[in-house]
1. Within region 152-167, can one find any residue that is within 15 Å of the chain's Cα centre (by Cα), surrounded by fewer than 20 Cβ atoms within 10 Å (Cβ to Cβ), within 10 Å of ligand 1 (Cβ to nearest atom) and assigned to a helix (DSSP H, G or I)?
2. Evaluate region 119-128: report whether one residue or more is among the β-branched types (Val, Ile, Thr), touching a Ser or Thr at 6+ places or on another chain (Cβ under 9 Å) and outside any strand (DSSP E or B).
3. Looking only at strands (runs of 3 or more DSSP E) that fall completely inside region 1-110, which ones have 1 or more residues that are in contact with a Cys (Cβ under 9 Å, 6 or more places away or on another chain)?
4. Taking region 56-89 as the search range and keeping residues that are away from ligand 1 (no atom under 14 Å from the Cβ) and of a type in the set (A, V, I, L, M), which one is surrounded by the most Cβ atoms within 10 Å (Cβ to Cβ)?
5. Checking the structure you have, find out if any residue of region 141-161 is touching a Ser or Thr at 6+ places or on another chain (Cβ under 9 Å) and within 29 Å of GLU44 (Cα to Cα).
6. Here are some conditions: (1) touching a Lys or Arg at 6+ places or on another chain (Cβ under 6 Å); (2) within 16 Å of ligand 1 (Cβ to nearest atom). ILE5 meets all but one. Which one does it not meet?
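Read-outs: derived from the displayed coordinates by stated rules, not from any lab. Please read all numbers here as calculations on a predicted model, not as lab measurements. Cβ coordinates were reconstructed from backbone atoms using ideal geometry, including for glycine residues, and neighbour counts include every protein chain displayed.
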Amino acid sequence: MNRLICIIGNKGGTGKTSMTHMLCHGLGLLGKRSIAVLTDIYREPLFRDDRGYTPLDGRTPEKLEKIIAKLESMPEWYGVIDGTANSPEMDRHLYEISGLVLLPFRDSHEDIRTVRHDLDTFPEAFGVPSQWPTNPWQQMAAEHTLDELMQDYRPRLLDPVYTVSASKLLLHSQIPAELPTVLNNVCRGLARQVLARLEPPEQE
Ligand SMILES: Nc1ncnc2c1ncn2[C@@H]1O[C@H](COP(=O)(O)OP(=O)(O)O)[C@@H](O)[C@H]1O
Ligand SMILES: [Mg+2]
């Protein structure tokens, strides 16, 4: 389904959950409706409250299947699935049913080693530099690491999602009515990149 985006990858802590919520928040700011689907059994589900998107609990295969079936019947909505680390079979399944697959990775050799492997396993997926430094010197060093270790994958990388400490607010059970502009801007930027890479919406 081309309105289904999944954020996966074999390593924990790369930013899958944060990126899921940032993307959905960004889509909301662009006037698009979306659901953020939790699959990680170690996380507590979140609720809609003041969010511009709807978090849903897809932590069992049955729940996940129901959510995906429902999304099929809601052509105006986007679905973003927050994957779970160390779940290669689940990742394979999500890769097969999604219109766009994102693999976040941080500026670390360990993350880069894993994402290179994941990019090889999932040849249509995109890597997304995540928790990217905002300090110019650190940014230069991070770019240098990409040149060194990710050169062959450059065409398959989205623009970075920068470190924004306020991104944690989206993972609180209740979010403030107004979120910092810097967070909104990063989320909007991510949502725009994703929309540009999705296939044109189905004619329904
Ligand atoms: N863009 C970001 N800016 C600041 N902190 C971030 C960002 N993305 C993730 N983090 C932080 O990094 C940690 C791991 O992120 P998380 O989204 O839980 O990763 P994963 O779901 O892949 O395990 C969390 O503490 C989260 O707040
Ligand atoms: Mg997570």
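1. no
2. no
3. Counting at least 1 such residues, we get 33-38, 54-57, 77-82, 100-105.
4. Here the answer is LEU56.
5. As a first pass, look at region 141-161 and keep what is touching a Ser or Thr at 6+ places or on another chain (Cβ under 9 Å): 145, 160-161.
Going one step further and asking which of them are within 29 Å of GLU44 (Cα to Cα), we end up with 160-161.
Yes, region 141-161 has at least one match.
6. (1)
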